[in-house]
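Notes for the one structure printed next.
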Amino acid sequence: MGVLLCETKIPCGILLVHRTPMKYKKTIITIVLLLIVGGIWYTVSQGNGPEIQTVIISRDTLVQEVSVTGAVEPKEAVDLAFESGGTIQSLPFRVGETVAAGNTLARINASELEASYREAEASVRVEEARLSALKSGSRTQEVEIKQTELEDAETDLENLFSESLTLVQGAQNDVDKALNDDLDAFFTNDSTNPQLTFFVTTQIAELRAEDGRREAQDAFESIISIKNNLIAGVLTAEVALSSTLNELRTVEAFLDDVSEAINKATGVSATTLATYKTDVNTARASINISTSGVETQTQAINAKKLTLSRLEQELDLTLEGNREEDILAQEAALDKAEATRDRIGVQLSKTVLRSPIDGVVTRVEGDVGEIVTAGTAVVSVISEGQFEITAFVPEVDVAKLSVGNNASLTLDAYGSSVEFLASVVEIEPAERIVEGVPTYKTTLVFQQEDSRIRAGMTANLTIETARRDNAIVMPQRAVITRDGMQYARVLRGTEVIQEKEITTGLRGSGGLVEVLSGLNEGDEVVTFIKED
């Protein structure tokens, strides 16, 4: 309701002229003059006052809202990567497939770790057995068993030593055949000053082949000496095998030099070159077999010596009996073995990626057989059907928010006609600077799951931060603030304006404010005065 400036307008028409008696003409002229004068007086009197706009105070529901834009995100999203690199062994799930928490999503090759774990597990069992034996005390039968195991291990080691002589002899025969049979046609003056029997395009390749022939001859003679010293007992089997292996490496290097010289040979027919290459390959195959045999035998001896040492310790432990300090030491040894096993077990578990959540696979990087590096995301998973909205609320509005506030929202993908409901579940206490403005990350969750919702969609949020039902309200523009106090101008009658001190409360989103004191329902307050 308002008291507005009024204007009087005189309508214009068509004057119809006709004969009228004189006494009537005078009457008409008098009436017209009075109307004109009255209209002018009314217009002037009304135009001298100010224009006043007012509103009647009433009760209404007052709602305070905060509008902000956010983004739809999955409630949970994880990118899984291996802590150490390796070769991908399996990728059981594809993009779009559903997984449950604990499902294996990727695995890298862990054969070495698996072997180490089995070895560590065996060590734990050994230490447990030792501890059990210490606590129960030694029995004659146990001592006899340990002695038998030790004797068997010693016999096995002696057999390995005996077999070593056979391997050294075999290496001598293979080198002899390679130098004096397979490659005999390649050189003249083999033992004194070997020279290639064909021309080579580069001198370096020629010199390497000829020098290599001399070194190979020295290696052959060294192997003969090793064999003789092994027979005489001057050398142990381990030393003999190690020395033989070194000499075989020399012969292998010589074969590489000869092969390079053949590749650069000139003036030799294709048939002869093919024969030469076959001869080199034949020699190489024999030397490789010898090298492998010596290496395997060396490993077997070392392993058996470790076994023998362990059995000796076990026998000594069995004979010593169950002293308290021995039991404590054995308990510590068991703890150490278990720790080693557990450490390897942890390393082994890191070769498998398992889903920490129920959800859907959104990304798979790499293929089976491909090598991945540490820290590179291999599989990504998001929670299925569980989405939330992340919004950054400016600091001028964040004080209005609280956890539990309800919100309505629309998604750009579906337009303003499709509305969804959400609730505030988290407001971060620390600010984040977004485009130079302090904001606070606020998280909302949808009140109902909806298959139309997708991660990454833009959400237009209207968050209801407060509500007052049946509140006395008036327009915010009717409030006058002066010296920290609030006032309102109340219209009494049609002309008297009275200024009253008031107290306001909640500010609504529609420009209304709650009146807590100073005014009553039905009061007419001034919202605008325009002075002439």
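Every number here is computed from the coordinates shown, using simple stated rules; none is lab data. These numbers come from a predicted model, not from an experiment. A quick note on method: Cβ atoms are made from the backbone with ideal geometry, for glycine too, and the neighbour counts reach across all protein chains shown.
Going by how many other Cβ atoms sit within 10 Å of their own, how do Tyr487, Tyr440, Tyr414 line up, fewest first?
Tyr414, Tyr487, Tyr440
Name the long-range amide H neighbours of Phe387: under 5 Å, sequence gap of 5 or more, or other chain; modelled H, no Pro or chain starts.
Lys75, Phe446
Taking the highest mean first, how do the peptides 181-193, 54-66 order by number of other beta carbon atoms within 10 angstrom per residue?
Peptide ranking by packing, descending: 54-66, 181-193.
With 10 angstrom as the radius, rank Ile371, Ile344 by how many other C-beta atoms surround their C-beta, starting from the fewest.
Listing Ile371, Ile344 from fewest to most nearby Cβ atoms yields Ile371, Ile344.
Stretch Thr296-Ser136 to full length: gain in nm at 0.36 nm per residue minus the Cα-Cα span?
Taking 0.36 nm per residue and subtracting the Cα distance, the gain is 53.6 nm.
List residues of the stretch 451-488, by number, whose backbone nitrogen lies under 20 Å from a label position 7 Å along Cα→C-beta of Asn406.
460-471
Around Thr465, which amide H atoms from residues at least 5 apart in sequence, or from another chain, sit under 5 Å from its own amide H, with H modelled in the peptide plane?
Gln64, Glu65, Val66
How large is ³J(HN,Hα) for each residue in the stretch 56-73, as worked out from phi by the Karplus curve 6.51 cos²θ - 1.76 cosθ + 1.60 (θ = phi - 60°), to whole Hz, x for Gly and Pro?
These are the phi-based 3J(HN,Hα) values: 8, 5, 9, 9, 7, 8, 9, 10, 9, 9, 10, 9, 7, 9, x, 10, 7, 9 Hz.
What FRET efficiency, computed as 1/(1 + (r/R0)^6) with R0 = 22 Å and r the Cβ-Cβ distance, is obtained for Lys277 and Asn180, rounded to the nearest 0.05?
Between Lys277 and Asn180 the formula returns 0.70.
Explain nothing, just compute: Karplus ³J(HN,Hα) = 6.51 cos²θ - 1.76 cosθ + 1.60, θ = phi - 60°, for every residue of the stretch 384-398 in order, whole Hz, x for Gly and Pro.
8, x, 10, 10, 9, 10, 10, 10, 10, 8, x, 5, 5, 10, 5
Angle between the Cα long axis of helix 270-320 and the longest principal axis of the chain, 0 to 90 degrees, nearest 10?
It is inclined by approximately 90 degrees.
Separation of the stretch 214-272 and the stretch 130-197 by C-alpha centroid, Å?
The stretch 214-272 and the stretch 130-197 have Cα centres spaced 19 Å from each other.
Taking the beta-carbon count within 10 Å as an exposure proxy, list Ser383, Ser451 from fewest neighbours to most.
So the ranking, lowest neighbour count to highest, is Ser451, Ser383.
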